[in-house]
Every structure is written in structure tokens, then in C-alpha cells.
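The values are calculated or read from the model by the stated rules, or taken from the named source; none is laboratory data. As the structure is a computational prediction, the values presented were derived from the model and not from experiment. Here Cβ is always computed from backbone atoms with ideal geometry, including for glycine, and neighbour counts include all displayed protein chains. Remember, those area values only see protein heavy atoms, side chains included, never the ligands or the DNA or RNA. Shrake-Rupley method; radii C 1.70, N 1.55, O 1.52, S 1.80 Å.
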Amino acid sequence: MSGRFFVGLMSGTSLDGVDAVLADFSGARPKLLGNSHLAFDPSLRQELLALNAQGSNEIERSMLAGNALARIYAAAVADVLSKARVASSDVVAIGCHGQTVRHRPAAGFTVQIGNAALLAELASMRVVADFRSRDVAAGGQGAPLVPAFHAAVFSDQAEERIVLNLGGIANLTVLPRSGPVLGFDSGPANCLLDQWASVHLGRALDEGGAWAAGAQPIAVLLERLLSEPYFAAAAPKSTGRDLFNEAWLRRALQGGEDPQAVQATLLELTARSVAAAARRSSPAAQRMIVCGGGTKNLALMRRLQALMAPAAVETSSGHGIDPALVEATAFAWLAQRALEGAPGNMPSVTGARGPRVLGAVYPG
Ligand SMILES: Nc1ncnc2c1ncn2[C@@H]1O[C@H](COP(=O)(O)OP(=O)(O)O)[C@@H](O)[C@H]1O
Ligand SMILES: [Mg+2]
């Protein structure tokens, strides 16, 4: 293979935009040479949100949204390469997660849009995309796929660790000192918090979790939300906006609740559901390494620290990767795995019948 570097592109369930990284995996630890974040404009964000639910003319609309995404992805790739002063010919491949608009492994499919062919054309680079479908085809959840990368970079033989990603959805990876890695989506992280903040604050997010921190959670509402069977279900399991959406929240509301107290409840829901899942799946964990945009929600981080004590809760910064870039780096790494013909899934995590090489390759 010519070139040395990989680009990773991640746009997750938060629908905030795309994160791009330029990574070098030739050393013992991944080295990040540059990164970029391009936000989605409000109309694309709205359309992607709408495409997460049933609607009219879905095929045409999702293809057009996929084209729009490919253009943004290509711009993010160009940005990261120019910042790092690296030529496209030095890039082996782009690992492109795409944008999930439907995730239904039980029905045998998961859909990430983003027109990888157009991205390969615009960027003139090889693209690896559609990482999840093969795992679903092998009977797995197709998610989470980041645990193999978490295991490669965050494992420690001296202590059992948990890696927590706080994206739109929260996913946990349990890294035991030895033995199989576990991983699953625990439930919502930011998606409901963002949605509620956008309706009641008119902002895309509750900065630092300050609004939520200014009120007390509503106990009965919290209990009702936590009674969702998904939280108690055994792994392997994965979820998305298919379940944790505005309608799900509305069904639990009585009406007349103080909006700020609802935000406090949603923050507590994320903290409690994550901590309960962590304790159940990894009672021995001594450290929780947190990544994803939710690390910027300081109120949420404080609640996690309180609920997980005496285990340490800290961001991935101290472990060599900016928390905002862990997922994008994982997809760069998964692209490398795909091209090496190495498996990217972990059957102990996804429940697939076996290890599988993930992704479809679009030549540059
Ligand atoms: N300053 C902040 N304060 C509170 N929350 C934040 C802040 N910055 C980012 N976030 C949260 O992180 C989310 C983005 O996280 P990200 O890891 O990109 O998720 P995803 O992978 O689902 O796109 C935002 O939607 C928001 O909820
Ligand atoms: Mg994001």
C-alpha cells in the first residue's frame, strides 16, 4: 500500500457535525497529525433528524442527504490534510462511518448514509465505508464497533478499565485485565439533552450542563424513564434514535413539568443508566476513561464521578487522545484493519457468529 496515513470520519447520533482526524498507526500508539470539525447547517441537521423516523419519499431524501454529507466529509478531509500539510497521496484510505438514519439489527439491517462513492470521487482517495452491515449479517448488533480500538489503545494489564463514549448515545467498553472485552450501548447520553435544550433554550446544547445543574431532577419522571426495559436488558445490545427520541420522552411526561427540572432529570438519567450498566458489567473496574462531546458537560461528568466512586472517572486526554477525536480515530483504525484483511468486530461485544472483516472499499 502506498502512503502511511489514515483519515477517520465520524458523524454520530448527536447530529452536531463531522469530526475528522489524520492518524498515523505505524508506531506503538496512534499518532494524530491533525483534526477538523465541520458543523452541519441547521437544515441538514433537521433533515437527518427527520430521516431517523418514518416519513414520505425516504429513499430519494436519504440519497440527497447522503450526497450533502459526502460534500461535507470531503471538505473535512481537505481541511484536515491542509492543516497537517499532508498530501492526499500520503493517505492510504479514509475510514468513513457515515450517518446512521436507521439501526434495526433485529430486522437484519442498519443504515449509514453518506455516499462513499461520491466521497472517493471528490477526495480522490480510497474510502472504506459501511462498517456495520457485515457484523449484522453475521447475526451481530453491528454496534458498538469501537471496543476493538479501545482495547488496542486503552487496555492496561494492571487494572480493569471501562471506556465510556458520551455521544448522542452512550456506549461502554469493559477492558478486563485478561479475558474477553465487553461492550454495549447503555442508552442515551446527549441526544435527549440536546433535543430538550433546543426546544426550551433555543440553543443546540446546554453549555457545560449548567442549565441542568440549576435544578433538581424530578424523581417520579426519572423512575418512569429508568423503567424502560432497554436499560435492564442483557448485552449484546445497541440502540439509537429509533428508541431514545422525543416521542419516548413525551410518553413519560405528565405535562406541566418545569423544563429546567426535566433537563436535570435527563442528565440524571444518563448518569444513572451509565453508572448502573458500568457497575453491573464491571464491578471490579478501577478507572473509567471518558470520551465524546459529553465530556464537555461538566455537570454530567461530576455526577458520573460521584456515582462511580471510588473508581476514577477521567477523560481520555490523559491517555493520549483528545476525547472529541476517539471515535473518528477508531474509524481510521477500522479502515486499516479492513485493508489488512483483519477483523474489526468483537463477537463478545456484538454477538456476531464470529470475527469479520468489516467495511466496503471504494477505490480512489
Ligand atoms: N460545551 C458543551 N457542553 C455541553 N455539552 C456539549 C458541549 N460540547 C459538546 N457537547 C455535547 O456533545 C455532543 C457531541 O458529541 P459527539 O461525541 O460528537 O457525539 P456524536 O458522536 O453522537 O456526534 C453535542 O451534541 C453535545 O450534546
Ligand atoms: Mg459528533
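Exposed (fewer than 14 other Cβ atoms within 10 Å of the Cβ) and modelled with pLDDT of 95 or more - does that describe any residue in the stretch 89-98? For the stretch 89-98, residues exposed (fewer than 14 other Cβ atoms within 10 Å of the Cβ) and modelled with pLDDT of 95 or more: present.
Is one or more of the residues making up the stretch 208-218 under 23 Å from Ala352 (Cα atoms) and open to solvent by 10 Å² or more (accessible area, probe 1.4 Å)?
No, the conditions are met nowhere in the stretch 208-218.
Per-residue answers, yes or no, for (1) among the aliphatic types (A, V, I, L, M); (2) in contact with a strand residue (DSSP E or B) (Cβ under 8 Å, 6 or more places away or on another chain); (3) within 16 Å of ligand 2 (Cβ to nearest atom); (4) at pLDDT 95 or above:
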residue	(1), (2), (3), (4)
Val174	yes, yes, no, yes
Leu182	yes, yes, no, yes
Glu228	no, yes, no, yes
Ala232	yes, no, no, yes
Glu257	no, no, no, yes
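Scan the stretch 348-364 for residues that are touching a Lys or Arg at 6+ places or on another chain (Cβ under 8 Å) and of a type in the set (D, E, K, R) and the total you get is 1. The set of residues in the stretch 227-258 that are of a type in the set (Gly, Ala, Ser) and closer than 19 Å to Asn52 by Cβ comprises Ser238, Gly240, Ala247. Of all the listed residues (Leu15, Leu32, Leu69, Leu49), the sole one being within 15 Å of ligand 2 (Cβ to nearest atom), out of contact with any Ser or Thr (no Cβ under 6 Å at 6 or more places or on another chain) and either modelled with pLDDT under 95 or open to solvent by 30 Å² or more (accessible area, probe 1.4 Å) (or both) is Leu49. A single entry from Asp24, Asp19, Asp41 fulfils the requirement of being touching an Asp or Glu at 6+ places or on another chain (Cβ under 9 Å) and either free of Cβ contacts under 8 Å to residues at least 24 places away in the same chain or within 16 Å of ligand 1 (Cβ to nearest atom) (or both): Asp19. Condition first: over 15 Å from Asp156 (Cα atoms) and of a type in the set (A, V, I, L, M, F, W, C). Now tell me which residues in the stretch 312-325 satisfy that. Scanning the stretch 312-325 gives Val313, Ile321, Ala324, Leu325.
So, in the stretch 18-28, how many residues would count as being within 16 Å of ligand 2 (Cβ to nearest atom) and of a type outside the set (Asp, Glu)? Spell out how you get there, then give the answer.
Our first condition is that a residue be within 16 Å of ligand 2 (Cβ to nearest atom); within the stretch 18-28, this holds for 18-21.
After this cut, where a residue has to be of a type outside the set (Asp, Glu) as well, the list is 18, 20-21.
Of the residues in that region, 3 qualify.
Of the helices (runs of 4 or more DSSP H) entirely within the stretch 148-258, those holding at least 1 residues that are more than 22 Å from Ala312 (Cβ to Cβ) and away from ligand 1 (no atom under 16 Å from the Cβ) occupy 219-226, 229-232, 246-252.
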